[in-house]
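Have a look at the structure below before the remarks.
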Amino acid sequence: MTYEEMCGCCSKKTDRSDDERKKLIHRLNRIEGQIRGIRGMIENDAYCTDILIQSSAANAALNAFNKELLSNHIRGCVARDIREGKDETIDELLSTLQKLMK
């Protein structure tokens, strides 16, 4: 079963350039490494403050990923849809922003 079939909310797709895809995947790989590092710290009984600092850095990296992806989305998908007269995309963007700001 694909992710789209499991979540049921992903009927749309985004065509990304190879460069954009590589940048996003690179960021995710770095975040994944940070998370694995945090798990290792837990497994090795690292001091709580040190773990919290690393967790905060991983959170900042994930926020930077979200900012880049959102920027790409607005410049690409949203701008294209508005030019094509698909005003419902604005409502979708607002809903997405509300979810991100929880």
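The values are calculated or read from the model by the stated rules, or taken from the named source; none is laboratory data. Treat the numbers as computed from the prediction; the structure is a model and nothing was measured. No Cβ is skipped: glycine too gets one built from the backbone with ideal geometry, and neighbour counts run over all protein chains shown.
Observations
- Flag for Ala61 being closer than 30 Å to Thr89 by Cα and among the aliphatic types (A, V, I, L, M): yes
- Residue satisfying all of: in region 1-47; within 30 Å of Glu92 (Cα to Cα) and β-branched (Val, Ile, Thr); modelled with the lowest pLDDT among these: Thr2
- All conditions in (1) part of a helix (DSSP H, G or I); (2) modelled with pLDDT of 95 or more hold for Lys99, with the sole exception of (2).
- Any chance Asp50 is at pLDDT 95 or above and not in a helix (DSSP H, G or I): no
- Residue list for region 77-102, filter: over 16 Å from the mean Cα position of the chain (by Cα) and closer than 18 Å to Ser11 by Cβ: Val78, Arg80, Asp81, Glu84, Lys86, Glu88, Thr89, Asp91, Glu92
- The residue pairs whose first member lies in region 79-102 and is over 27 Å from Leu62 (Cα atoms), whose second member is in a helix (DSSP H, G or I), and whose beta carbons are closer than 9 Å, counting only pairs six or more residues apart or on different chains, are Ile82/Thr89; Ile82/Ile90; Lys86/Arg80; Asp87/Asp81; Glu88/Asp81.
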